[in-house]
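Okay, so here's the structure we're looking at.
Read-outs: derived from the displayed coordinates by stated rules, not from any lab. Bear in mind that the values here come from a model prediction, so they are computed numbers and not experimental data. No Cβ is skipped: glycine too gets one built from the backbone with ideal geometry, and neighbour counts run over all protein chains shown.
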Amino acid sequence: MKTFISFILFLSASVQAAITQDPIIFDQHFSSGVSGTNAKLGAQMAMDNNRAVVTMPHKGDVLVYQHNGSNWQLENSFNTTNDLQNSQAYLLHSVAIKDDLIVVGNVYDDTGGNNSGAAHVFEFINNNWVQTATLTSPQPASASNFGQAVAISADRIVVGAPDDPANADSSGAVFIYEKVNNNWIHDQTLFPNDPSGDDRFGAAVNVLGNLLVVGAPEHNYNAATTGAAYVFDFDGSDYLFSQKLLGDPAAAESLFGAQVSIIADVIAVAAPQGFNDFFLRSGSVYLFRHDGNQWLYEDKVFA
């Protein structure tokens with residue numbers, strides 16, 4: 001776990017440095033103020049404007065920090081467990097924040113069926129974070145890992161279910177929810193243009209404007225589990241498949257697509273078991289830039 005978290009921090013820092021060339025300087029650390037063995041504060045994090053949301057997945061807690069101009073201060077905290085009976089239902093797996101909206105994914109949630117997963121929606125109302133919805137798959141399946149990845153774009157929520165079996169075992173799916181008359185309703189289900197078993201499409205999702213990127217880290221391309229990332233464009237009513245991104249076709253088990261990010265006109269795709277010029281499975285991040293017509297490979301960064 002320590003290695004994986006370190007890689008995620010490396011991904012964020014490396015991509016920022018590669019694109020902006022800005023130095024990254026330590027500013028402040030977060031503390032929950034709550035003690036507890038294995039609370040794992042910070043296992044999932046997200047930021048938007050002057051807010052940062054941090055989870056303690058083994059307690060089911062979500063903490064929201066706000067920057068007051070000089071320091072980060074705890075704004076609010078809430079728990080996602082409610083009255084769930086599943087002994088693992090408090091475990092959190094993903095989080096996203098956009099303006100006054102937070103979405104928290106939990107793949108063990110039983111709301112839609114045994115271990116079918118859910119995404120909990122919280123909105124900032126009257127100076128307080130209030131749960132307003134619980135999203136479940138329109139086709140619930142046990143162990144589909146619905147909620148492993150979540151993202152928010154305007155009035156839409158994106159939820160990944162990488163082990164959804166609709167096309168084949170663990171082929172994966174991504175579900176789009178739209179807010180209509182203050183209710184979140186299922187609007188669209190996305191699959192890759194070339195679905196196959198064990199691809200785990202939906203293990204990672206990221207959205208910016210009309211652009212959606214979905215990771216399928218166990219997709220086979222020339223070698224086992226080299227991985228892939230799929231790009232979708234929003235046309236005003238639906239997300240349409242646009243392009244498939246690939247890493248090194250010879251890098252077996254690189255898990256390209258385990259994490260994806262969009263910054264300005266650059267897509268970053270992590271391959272945490274990819275190799276650099278010196279070491280096997282040391283991890284790398286691929287950068288793609290749009291040339292006006294398509295996404296082209298630009299660079300690869302690694303430690």
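For the peptides 195-208, 128-141, what is the packing order when you average, over each peptide's residues, the other Cβ atoms within 10 Å and list the highest mean first? Display every interim value, and only then the final one.
Numbers: 195-208: 22.9, 128-141: 17.3.
Per-residue mean Cβ counts within 10 Å order the peptides as 195-208, 128-141.
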Practice problem: May I ask for log10 I(q)/I(0) of region 72-186 at q = 0.10 Å⁻¹, from a Debye sum over the Cα atoms as equal point scatterers with solvent left out? | Solution: -0.28
Exercise. Using only alpha carbons, build the gyration tensor for region 123-217 and give me the equivalent ellipsoid semi-axes, biggest first, whole Å.
Key: 25, 14, 11
Practice problem: Can you check what the Kirkwood hydrodynamic radius comes to for region 190-270, Cα pairs only, in Å to one decimal? | Solution: 12.4 Å
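Taking the Cβ of each residue in S254, S142, S77 as the centre, tally the other Cβ atoms inside 10 Å and list the residues starting with the fewest. Intermediate results must be reported in sequence, preceding the final value.
Details: S254 28, S142 13, S77 16.
Fewest-to-most Cβ neighbours within 10 Å comes out as S142, S77, S254.
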